[in-house]
Amino acid sequence: MNNELLSKILKPFLKSSHLTFKDEITQATTNLQLAGLESIAFYNIPNSEKAENLFHQRLKDSKCRNIITNRNIKVSNCNVWIIEYSDFLTVQKLVCDNLYPDNKSLKLVGITGTNGKTTTSFLAMQIASMLNFPSLSIGTIGIRSVDGVVEKDLLSTTPSYLELRKIIHKYQKSYKFLFIEISSHALDQKRLFDIELELGAWTSFSQDHLDYHKNFSEYFNAKLLLQKNLKNQAIYVPSSETDLIAKFVEKSVQHKVIDLFYSENLSVGFKAKYNQANLGISIALIKELTGHELKSEELAQIVLPDGRFDPIVFGEHIVVVDYAHTPDALENICKTIQCDFSEYNLVIVFGCGGDRDKGKRPLMGSIASRYANSLIVTSDNPRTENPEAIIDDIVSGVNISFIREEDRLKAIQLSLTDLKKKSIVLIAGKGHEDYQEINGVKHHFSDSETIQQIIKEIKDV
């Protein structure tokens, strides 16, 4: 696509343009830093001098020569088209139709929910692939196939509309199904736009993201936007989500209640009722899509994604790494441990992320208090917040004795050192993540790697 064709596409939306040369455009992006010589970059410039200066600095550091923006600016050695910001998505669709056409052969399934999105999409991908329907899952842990990581570094759980269109175009000839984690942020920001979903599921609903959504009602309504993109309007929901089902009934939301699934052939992580719910949804989705299902013994081959009830054996003890970072998720995994590992002493190590929903911090402190025999409160991606202030918020809900250790590595060391009884040590909050974000910088840190190293050091003594 050359810039003459682009100008023709933009004509109904164009406020003005400043074109200095002809150019061939083969890529589109919303990330100016990643834009190349043949890219068109969409860039929203808020109405402030600081924002405009930041744009010019980023453009200076970029190779990009073609910009679509909402501010009437002139840039030397660059083609600029000015449109309203409200038209960005419509124009992105038209650009994608030219650069990344969708032949509709790749069927898309959307999975939303406070917890369980990653596990459900990952399980569904495995089951479909085992039935000879090559599939991908996309979300928090990147793009995955049964062969492993296809693409690791996504900028968010649900990519932007433009990035989703690229992904669909790239993989539509090689795969049958794409299972997409869809966050409430993505739905609120219309990242799906005109993308049609074959089926949709809502795994769970509890407190999270109230830093973004003003209240529970707004959070619920954002999730409910999933319906707008569904070809089949009925939302799949696990039978265990009784409150959510009641809300659906109250609001006349079309839904299909799915039973939990468990088999003794499955790994220990599936003893958790929430994973039985996730598996039940996955099986139901695949049966609807393909008309087929795996035999019980075949299901024994499926695995949970990294960082979801990940057990590491340490002598008579078990260390569990889990992504639980919401009150509901923490309570669910604690209940599972209490029920299925009642003879074990429970040690909990967790923190809460910075620049996120502060209201959940004391709630998680209270939940940990109810289940832990020993509790260590630490940091978890403090981002731009003071880690000690985050811990203060957490411990305001704690009513048992606890250890306070800001350094996550030291906290994990403390939890594994001098274990007196047969114990389960739950390291919660980060799961698969391999970084700690502190003051805007991501430092390499993996709970699993840290645990393995500490266990090795203890054994070597």
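The table below gives the values:
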| quantity | calculated |
| --- | --- |
| Selected residue [over 21 Å from residue 331 (Cα atoms), of a type in the set (Phe, Trp, Tyr) and modelled with pLDDT of 95 or more] from 402, 445 | 445 |
| Residue within segment 333-348 that is buried (at least 16 other Cβ atoms within 10 Å of the Cβ), in a loop (DSSP other than H, G, I, E, B) and at pLDDT 95 or above present | yes |
| Members of segment 136-157 that are assigned to a loop (DSSP other than H, G, I, E, B) and modelled with pLDDT of 90 or more | 140, 141, 146, 147 |
| Residue count for segment 414-454, restricted to those that are closer than 25 Å to residue 361 by Cβ and of a type in the set (Lys, Arg) | 2 |
| Flag for residue 304 being closer than 27 Å to residue 453 by Cβ, under 21 Å from the mean Cα position of the chain (by Cα) and not assigned by TED's automatic domain parsing to the domain that holds residue 445 | yes |
| Residue within segment 255-265 that is modelled with pLDDT under 95, under 20 Å from the mean Cα position of the chain (by Cα) and not in a strand (DSSP E or B) present | no |
| Test result for residue 361, in a loop (DSSP other than H, G, I, E, B) and over 12 Å from residue 400 (Cβ atoms) | no |
| Only listed residue being surrounded by 14 or more Cβ atoms within 10 Å (Cβ to Cβ), of a type outside the set (S, T, N, Q), touching a helix residue (DSSP H, G or I) at 6+ places or on another chain (Cβ under 6 Å) and in a helix (DSSP H, G or I), chosen from 201, 222 | 222 |
| Residue list for segment 247-276, restricted to those being over 17 Å from residue 337 (Cβ atoms) and in contact with a Pro (Cβ under 9 Å, 6 or more places away or on another chain) | 257, 258, 259, 260 |
| Subset of segment 17-47 [among the hydroxyl-bearing types (Ser, Thr, Tyr) and either in a helix (DSSP H, G or I) or at pLDDT 90 or above (or both)] | 17, 26, 29, 30, 39, 43 |
| Among the candidates 210, 294, residue that is of a type outside the set (Lys, Arg), modelled with pLDDT under 90 and surrounded by 15 or more Cβ atoms within 10 Å (Cβ to Cβ) | 210 |
| Any hit, segment 77-86, residues being at positive phi and not hydrophobic (A, V, I, L, M, F, W, C) | yes |
| Top-ranked residue of segment 424-451 - restricted to ones that are of a type in the set (A, V, I, L, M, F, W, C), touching a residue at least 40 places away in the same chain (Cβ under 8 Å) and in contact with a strand residue (DSSP E or B) (Cβ under 6 Å, 6 or more places away or on another chain), ranked as surrounded by the fewest Cβ atoms within 10 Å (Cβ to Cβ) | 424 |
| Residues (out of contact with any strand residue (DSSP E or B) (no Cβ under 9 Å at 6 or more places or on another chain) and surrounded by 15 or more Cβ atoms within 10 Å (Cβ to Cβ)) located in segment 95-116 | 102, 114, 115 |
| Selected residue [touching a strand residue (DSSP E or B) at 6+ places or on another chain (Cβ under 9 Å) and in a helix (DSSP H, G or I)] from 195, 168 | 168 |
| Residue match in segment 159-179 (condition: among the β-branched types (Val, Ile, Thr), closer than 21 Å to residue 223 by Cα and within 20 Å of the chain's Cα centre (by Cα)) | no |
| Meets criteria (β-branched (Val, Ile, Thr), out of contact with any Gly (no Cβ under 9 Å at 6 or more places or on another chain) and either buried (at least 22 other Cβ atoms within 10 Å of the Cβ) or over 20 Å from residue 303 (Cα atoms) (or both)) for residue 168 | yes |
| Identity of the residue in segment 402-423, of a type in the set (Ser, Thr, Tyr) and over 11 Å from residue 377 (Cα atoms), that ends up surrounded by the fewest Cβ atoms within 10 Å (Cβ to Cβ) | 417 |
| Filtered residue count, segment 175-192, keeping only those that are charged (D, E, K, R) and in a loop (DSSP other than H, G, I, E, B) | 3 |
| Number of the exception - residue 280 against (1) of a type outside the set (Lys, Arg); (2) closer than 13 Å to residue 119 by Cβ; (3) modelled with pLDDT under 95 | (3) |
| Residues satisfying the stated conditions in segment 3-18, i.e. closer than 11 Å to residue 79 by Cβ and without any contact (Cβ under 8 Å) to a residue 40 or more places away in the chain | 4 |
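The values are calculated or read from the model by the stated rules, or taken from the named source; none is laboratory data. Since we're looking at a predicted model, the values are computed, not measured. Methodologically, a virtual Cβ is constructed for each residue, glycine included, from the backbone with ideal geometry; neighbour enumeration extends over all protein chains shown.
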